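To keep things clear, I will list the structure first and then write my remarks on it.
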Amino acid sequence: MLEMLSYPFMQYAFVASFFISILCGLMGVFVVARKTAFFTHTLSEISFSGASFGVFLGTNPILGMLLFTVLSSLMIGTVGSRVSRRESSISVFSVFFIGLGILFLSLADTQSSYATNILFGSIVGISYSNVQTLVGLSIAIIVITTLIYRKLKYNSFDNVGASFNSRANTLVSVIFLILLACTVSVTAQIVGSLLIFALLTIPASSARYFVHSIWSMTILTFVFSLIGTWFGLYLSFITNLPVSFFIATIETIIYIIAVIYDKVTRI
Amino acid sequence: MSTESNLILSVRDLDVSVKNRKLISDLSFDIFAKTLTCVTGENGVGKTTLIKTILKQFNKNEHVQSKIKRSDMQYIPQLRNIDDDYPLTVFDFIGLGLQHSILPWLSKKEKQSVQKVIEMTKLQDLANTPLGSCSGGEQQRVYLAQALVSQPKLLILDESTASLDKEAKFMLLDVVKSVIAETGASVLFITHDPVLVQQYGDYDLNIANQAGTIKPVKEAQ
């Protein structure tokens, strides 16, 4: 155990997981309440596409990611979330952006290992500057969500009511989607765009079966993501198997337990 | 009978249309404080569209004039997408209606006002129950409570009783009546149910043939 923590790359991985869990707690609860899990999924594919665009241009992939995800969030936020929830538009968006990502990668003529890196990430390969970016983003998201908290929770947990009785709904939705776009872009570099989708949706979906206030759901979502990522790192270290596999499995087990708990307590 | 100072909402020569199809033309009526006005009419005559038009044009032109602010008015829509695994408790759902402060947590005073509307709407036993587990009638009372927590001067209920059984209908309207008496709010209530109009309504705004007529319920008997 202590040996594991003596490696700097493991220290970074544990610290990064801690902050990713904070982001998942804050954003995940709202993602699930707003039923935008599938948009989040699309967003992770858009971020893949954006990253390969960045590679194609020869700039930092994060810039391409932010450009693509923020622009699509602005579009979805203003055109309307209803369109984004339609199954057909989700498939269209996903396929289009994956295709675009592959095109840019082939045009950029880089090795295909880069593509798998963006999709699956490598939490044990992160640097000190990755951790710094993550901490900065976490602070920014905590501050902004605090400022719009009341409107955001009304808009997310009672969408219909808020649409008639609260002002600035579109603005709040757009701000939230931009925060989500930033979260996906920054964390996708670390855990990969596929796993960030899992971490933003599964722990929060599990938490809502155990507790029933926004604060307690946020904290429990944080705990569930932390259990998944920290245990995943530990198991990966001792077995030498991929960490993403362990994280996904642990989160799935937590979700199954949550559903069973809900069924049992409802009787 | 009712003086100018009691006037809450005044609608003048309002045209209501949906996608260029005219539903109601030249509608005029007044809503006075502490009254319950029922909006009645067949399906599709444009009752809900009328309300949405009022919300949209509220104090924006000469057709819809009011001395209260838009934030003093609460609309309770007919349908809300609450699944049976909706997680928030009744207490927290009602608290969503408190939008006057930007503090991320509810102050002590705000918690007390949630508690007060819970008592008004007789939801004491359900305060900590997830909203998804409540019955249809209970959910309607929760929506009412959420609207009340911001202390509105005008409440609009859109077919709130449509899916309720008889007992739940009367219970909801009894609560609405006691709210009017206690807070002095006025209520616009869209309904299909003639029994409820007769028993609870002060005025009946009936919409038919693209026109609306308002008359007191009791004199019409």
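Laboratory data are not the source of any read-out in this text; all were calculated from the coordinates shown. Quick caveat: nothing in here was measured; it's all calculated off a predicted structure. Neighbour counts run over all protein chains shown; Cβ positions are idealised from the backbone, glycine included.
Quick look at the values:
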| quantity | calculated |
| --- | --- |
| The stretch A:88-149 and the stretch A:168-195: distance between their alpha carbon centers, rounded to Å | 10 |
| Cα pair count fraction exceeding 35 Å, expressed as % - the stretch A:2-266 | 13 |
| 10 Å Cβ neighbours from other chains, averaged over peptide A:125-132 | 0 |
| Formal net charge of residues neighbouring residue A:236 (Cβ-Cβ distance under 15 Å; K, R +1; D, E -1) | -2 |
| Degrees separating the helix B:136-148 axis from the principal Cα axis of chain B, which is the longest one | 80 |
| Table column - 3J(HN,Hα) (Hz), the stretch A:208-215, Karplus curve with 6.51, -1.76, 1.60, x for Gly and Pro | 5, 7, 9, 10, 10, 10, 5, 4 |
| Average other protein chain Cβ within 10 Å of Cβ, residues B:65-74 | 1 |
| Exposure proxy order (Cβ contacts within 10 Å, fewest to most) of B:28, A:6 | A:6, B:28 |
| Peptides ranked, highest mean first, by Cβ atoms within 10 Å: ranges A:160-167, B:98-105 | A:160-167, B:98-105 |
| Other protein chain Cβ atoms within 10 Å, averaged over every residue that makes up A:26-35 | 1 |
| Nearest-20 debye value, the protein assembly as shown charge dipole, Cβ charges on Lys, Arg, Asp, Glu | 720 |
| Rounded, prolate or oblate (a/c below 1.5 giving rounded, otherwise prolate when a/b exceeds b/c) for the protein assembly as shown by Cα gyration tensor | prolate |
| Listed residue pairs exceeding 25 Å between alpha carbons, taken from B:69/B:218; B:60/B:153; B:52/B:116 | B:69/B:218; B:52/B:116 |
| The protein assembly as shown - share of DSSP beta bridges that are antiparallel (%, nearest 5) | 50 |
| Karplus-derived 3J(HN,Hα), 6.51/-1.76/1.60, for each residue of the stretch A:62-67, Hz, glycine and proline x | 4, 5, x, 4, 4, 4 |
| MRE, 222 nm, helices only [DSSP H, n ≥ 4, -39500 (n - 2.57), over chain A, to nearest 500] | -29000 deg cm²/dmol |
| Spatial separation of Cα centroids for the stretch B:142-177 and the stretch B:66-89, in angstrom | 11 |
| Share, in percent, of DSSP beta bridges within chain B that are antiparallel, nearest 5 | 50 |
| Karplus 3J(HN,Hα) series, Hz, for the stretch B:166-181 with 6.51 cos²θ - 1.76 cosθ + 1.60 (x for Gly, Pro) | 4, 4, 5, 4, 5, 4, 4, 5, 4, 4, 4, 4, 5, 5, 4, 5 |
| Packing-based order for B:125-131, A:31-37, A:47-53, using average beta carbon neighbours within 10 Å, highest first | A:47-53, A:31-37, B:125-131 |
| Distant-in-sequence amide H partners of residue B:89 (H built 1.01 Å from N, under 5 Å) | B:131 |
| Cα centroid separation, the stretch A:198-267 to the stretch B:18-47 (Å) | 50 |
| Cα long-axis angle, helix B:108-120 against chain B (0 to 90 degrees, to the nearest 10) | 60 |
| Restraint check, B:47/B:108; A:263/B:109; A:263/B:177; A:151/B:215; A:151/B:111, Cα-Cα greater than 29 Å | B:47/B:108; A:263/B:109; A:263/B:177; A:151/B:215 |
| Under-5 Å amide H pairs with residue B:8, H placed in peptide plane, nonlocal only | B:31, B:32, B:33 |
